[in-house]
Every structure is written in C-alpha cells, then in structure tokens.
Amino acid sequence: QVNLVESGGRSVPAGGSLRLSCIASGHTFSSTIMGWFRQTPNNSRKGREFVASINARGSSIYYSDSVQGRFTISRDNAKNTLYLEMNNLKPEDTAIYYCATYWELGDDLMVTGTFTSADFDSWGQGTQVTVSS
C-alpha cells in the first residue's frame, strides 16, 4: 500500500504555469507506473479524467490529447516523488488533480493510451488548480 500526498495547486491566470508534486510513502513507488488524473464538478459523472502517466523507469510516458505539448510528467524515484509541470494553463484545466499508482507492480511495464482511473488503485487526496481567464 502506498500513501500519496499531492501539493502545488493554486489559482493562476490563463497562460501561467504550475508544478504539482506527489510524495509517496511506501517501498513500492519506484516499481510502479504512476498517473495524474483530474476531476471537475462538471465531469463528476464521468469520473476522473486521465491526464498523464509514466512508467517506473521514466522511459515510457503518455499524455491525454488535451494536455499534450503543455504538461510534462516526471518522477524522482530517489525522492519518491512524482511531478506534473503545467505550462500555458487554460481555464478548462481548472480541476482537482490527483496522483495515483497503477494496480500492477513492474519495473518494465509500459504505459499505454488506454489507461483509465479503474487501472489505478491508490489515490492521493487531490490538489485544486484554478485557472482564471
């Protein structure tokens, strides 16, 4: 079991930048795929929207179309920390952002474009990002 704590969310104007962090406790962080998801009140019925994922080694990364080219996911396994660098933020990026661990451990697992929130089994409490127009 991994405990996850996100931070870094705040209010910024459109076009601004933020870096979110997710600190994990537990010895499995470096052996698991990690992901970022987001949720707004408008899409609460759809559940949490996939944003980006990264494999254990950092060699396989995937982004949703809506953030591709603007967001960068990275990890520091020595610090048990996952990051999400967000640039050129838009009002539609306003959401609560969550980090999560993939259900299966494996150093060599690769990320794919088919991940959904159902594939991740440990979640942080979320951090609010608000982008004003």
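The values are calculated or read from the model by the stated rules, or taken from the named source; none is laboratory data. No experiment lies behind these values; they were computed from the predicted model shown. Cβ sites come from the backbone with ideal geometry, for glycine too, and all protein chains shown count toward neighbours. Protein only, heavy atoms only, side chains kept; ligands, DNA and RNA dropped before computing areas. Shrake-Rupley method; radii C 1.70, N 1.55, O 1.52, S 1.80 Å.
Taking the stretch 71-106 as the range and being in a strand (DSSP E or B) and of a type in the set (Gly, Ala, Ser) as the test, the residues that pass are 74, 95, 100. Of all residues in the stretch 1-56, those being at pLDDT below 95 and in a loop (DSSP other than H, G, I, E, B) number 11. Across the stretch 70-101, which residue is farthest from residue 125 (Cα to Cα) among those that are touching a residue at least 40 places away in the same chain (Cβ under 8 Å) and hydrophobic (A, V, I, L, M, F, W, C)? Restricting to residues being touching a residue at least 40 places away in the same chain (Cβ under 8 Å) and hydrophobic (A, V, I, L, M, F, W, C), the top hit is 89. Among the residues of the stretch 57-70, the ones that are open to solvent by 50 Å² or more (accessible area, probe 1.4 Å) and either more than 16 Å from residue 113 (Cα to Cα) or in a loop (DSSP other than H, G, I, E, B) (or both) come to 6 in all. From 112, 127, 94, 116, grab the single residue that is open to solvent by less than 20 Å² (accessible area, probe 1.4 Å) and either in contact with a strand residue (DSSP E or B) (Cβ under 9 Å, 6 or more places away or on another chain) or under 18 Å from residue 23 (Cβ atoms) (or both). Exactly one residue qualifies, and that residue is 127.
For residue 89, the requirement of being open to solvent by 40 Å² or more (accessible area, probe 1.4 Å) and hydrophobic (A, V, I, L, M, F, W, C) is not met. Do we have any residue at all in the stretch 84-95 that's modelled with pLDDT of 90 or more and closer than 14 Å to residue 28 by Cα? Scanning the stretch 84-95, I find no residue that is modelled with pLDDT of 90 or more and closer than 14 Å to residue 28 by Cα, so the answer is no. When the stretch 97-109 is filtered for residues that are among the small types (Gly, Ala, Ser) and crowded, with 21+ Cβ neighbours inside 10 Å, only 100 remains. Looking at (1) farther than 14 Å from residue 94 by Cα; (2) in contact (Cβ under 8 Å) with a residue 40 or more places away in the chain; (3) loosely packed, with under 13 Cβ neighbours inside 10 Å, which is the one condition that is false for residue 32? The number of the failed condition is (3). Taking the criterion of being under 22 Å from residue 121 (Cβ atoms) and open to solvent by less than 10 Å² (accessible area, probe 1.4 Å), would at least one residue in the stretch 38-50 satisfy it? Among the residues of the stretch 38-50, not one is under 22 Å from residue 121 (Cβ atoms) and open to solvent by less than 10 Å² (accessible area, probe 1.4 Å), which makes the answer no.
The test for being under 28 Å from residue 132 (Cα atoms), open to solvent by less than 10 Å² (accessible area, probe 1.4 Å) and touching a Cys at 6+ places or on another chain (Cβ under 7 Å) does not hold for residue 20. Looking only at the stretch 73-115, count every residue that is in contact with a Phe, Trp or Tyr (Cβ under 8 Å, 6 or more places away or on another chain) and under 20 Å from residue 5 (Cα atoms) and tell me the total. Of the residues in that region, 17 qualify.
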